[in-house]
1. Can you give the FRET efficiency for Glu66 and Thr41, using 1/(1 + (r/R0)^6), R0 = 25 Å, r = Cβ-Cβ distance, to the nearest 0.05?
2. How far is it, in nm, from the label point at Ile56 to the one at Val74 when both lie 7 Å from their Cα along the line to the Cβ?
3. What is the distance, in nm, between label points placed 7 Å from the Cα along the Cα-to-Cβ direction at Tyr24 and at Ile12?
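Please treat every number below as a calculation from the coordinates, not as lab data. What you see is a predicted model; the values in this text were computed from it and never measured. With ideal geometry, Cβ positions are generated from the backbone for all residues, glycine too; neighbour counts draw on all protein chains shown.
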Amino acid sequence: MGIEYVAFMPFITAIVIVWMVFHYRRQNRISQASSPEEQQTMERMVNLLEKMEGRILTLEKILEAEDPRWREKVPPTEHL
């Protein structure tokens, strides 16, 4: 069961990093008055990332219900 928890941490870390990159790119592109097509693409990407975030939160809730101390069992991850 411990392996399952370890497998989630790199995934969650990667999602957070991807979200941050897209968030700041979005802010930068909007501030540079990008084309409407680029703005739509960025909006779609942000929406997808928000859905992924929701899914990750759901997975964490499932893990919490299964084992409330699961986070304590996960070894700290190294920076990517």
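1. Working: r = 38 Å, r/R0 = 1.51.
Given R0 = 25 Å and the Cβ-Cβ separation, E is 0.10.
2. 0.9 nm
3. Those two pseudo-labels are separated by 2.2 nm.
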